[in-house]
1. Which pairs, out of Lys278/Lys383; Lys8/Lys260; Lys119/Lys474; Lys203/Lys226, put more than 30 Å between their alpha-carbon atoms?
2. Expected output is a single nm value to one decimal: the length gained when fully extending between Glu27 and Asp267, i.e. 0.36 nm times separation in residues minus the C-alpha distance. What is it?
3. Just the number, please: carbon plus sulfur as a percent of the accessible area of region 27-82, 1.4 Å probe, no ligands or DNA/RNA counted.
4. Which one of Gly39, Gly290, Leu428 has its Cα pushed farthest toward the positive end of the charge dipole of the chain, where Lys and Arg give +1 and Asp and Glu give -1 at the Cβ?
5. Tabulate in residue order the Karplus-calculated ³J(HN,Hα) for region 369-383, using 6.51 cos²θ - 1.76 cosθ + 1.60 with θ = phi - 60°, rounded to whole Hz; enter x for Gly and Pro.
6. What does a probe at Ala445 reach in region 375-403, counting residues whose amide N is under 17 Å from the point 7 Å along Cα→Cβ?
7. Only four residue types carry charge here, +1 at the Cβ of Lys and Arg and -1 at the Cβ of Asp and Glu. Report the dipole size of the chain about the Cα centre in Debye, rounded to the nearest 20.
8. Could you pull out the GluC sites (Glu not before Pro) across region 8-68 that fall in loop regions by DSSP (anything but H, G, I, E, B) with no more than 10 other Cβ atoms inside 10 Å?
Amino acid sequence: MITTFKQKAWSKAIAEPATEFELTPLEIIEGAIPEDLRGSLYRNGPGRLSRGEQRAGHWFDGDGAVLGVHFTDTGASGVYRYVQTEGYIDEQKQDAYIYPNYGMTAAGAFWNNWLKSIKNAANTSVLALSDRLLTLWEGGKPHALDLETLETLGIDNLSGLNDKQPFSAHPKVDPVTGNIFNYGVGAGANAVLNIYRCDRTGKLVQQSKHTLSGLPLIHDFCFAGKYLIFLVSPVRVSLLPVVSTQKSYSESLEWQPELKTEILIFDRDSLSLVSKGKTDPWFQWHFANGYVNEDGNIVTEFTRYEDFATNQYLKEVASGYTETEAPGTLWSLTIDPQTAEVISNKQILSACNEFPLVSPAKVGQEWRYTYLNIHREGVTHGKELFNAIARHDRETGEVITADMGDNFYPSEPILAPSKDNPEQGWILTVVFDGNCDRSEVRIYASDRLAEAPVCRLALPSIIPPGFHGTWKGK
């Protein structure tokens, strides 16, 4: 069990494994569901961080559990289910961790790490297709779920992925063509960057390969007009401790700032390398978006960390108590696509933030509003999870914040776009109320985040803090 000494209210949300629930009508706490909000919210994240007396080694090791909230003419209903991966099923039977993972080695004798492949946790993100929901985890293939019930249908190879081709957790959907771009890093002394293009149905139709230097950690990439951009931070896996089973992948990641940040730019049509270069060292988990400006240069926006201390902070989350300060801030980077030369690189928002998102209608295009998680004013990052959501206006620099008060922890803010204005609409976030030990869905008008939510919906059980989600409109 987790001790409560010095712990913050959010730790109660992960103290016990999350409880599943079948499709259930959701009670309105206050307000009303907007008449034009019709579709489904999906969110993914670690639902279980312990088995018996064992604790997961890292937040990334938790078994994936998906929340679905369906909005119809008759109201809202919710469903929450664990993804039935092979590793999850095996560990359920034994009520013990038996597989190696991002922050864990396999239990028992050292040869277990050789006999058992790393567990696909299916816990990072989701991709909603017309006929199925894909749960994503960057070290392996997706698992497909039923869009309504979230029943696990099995591993999905997108009609073409082989066993050495993972499908990462941050695909980009072109709002114009419906094409889906993504990548997967194949492990090795010099890793392979596999780049994919799928059609709108999720079928793999094109791919290319690029050899990397060493084995880096690449969590996300940027889609900007006619380009795909990878910023490869100077983090490398030291393979010997992993191969010899002395350390987990997380424990074997080394910050090597002398390598600098590598810039790789690919053509979106041919998937071929256009240019590459290097710039200052930093680390980033997530991009907000990117586009090609009027001068033909690439503009990207992302949350930047000055080093890799963020990994230690995220490891501590799994224990329920954090103390490492690793604040990330919002930056804008402009690059010449033909040379990969940096034209400008500047901080645009000093508030500690993460999970930056834009309207799905503006992915790869110039945009105005970035939605993200931030800390309430005066809150120290190392002691808390994110406890507010905000909208950053890129034209004016204005930041509008939904400050929910003490001990409220909202998830990544997801925009359900308006048909009249695709950059605005309804912001949906799943909130853990640490004062009452319950979870709820909150709906905000995107241009009035500082005002009270237009609707609050009670969820049947606690939804632990998670990672990423999506909106699938009707």
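1. Table pairs above 30 Å Cα-Cα are Lys278/Lys383; Lys8/Lys260; Lys119/Lys474.
2. 81.6 nm
3. The computed percentage sits at 44.
4. Among Gly39, Gly290, Leu428, the one farthest towards the positive end of the dipole of the chain is Gly290.
5. Working through the residues one at a time gives 10, 10, 9, 7, 8, 9, 9, 4, 4, x, 8, 7, 4, x, 9 Hz.
6. 391, 400-403
7. Dipole of the chain, to the nearest 20 debye: 900 debye.
8. Glu35, Glu53
The values are calculated or read from the model by the stated rules, or taken from the named source; none is laboratory data. Just so you know, these numbers come straight off a predicted model, no measurement behind them. Quick reminder, even Gly has a Cβ in these numbers, built from the backbone with ideal geometry, and neighbours come from all protein chains shown. Each accessible area value is taken on the protein alone, full model and side chains, heavy atoms only, with ligands, DNA and RNA left out. Shrake-Rupley method; radii C 1.70, N 1.55, O 1.52, S 1.80 Å.
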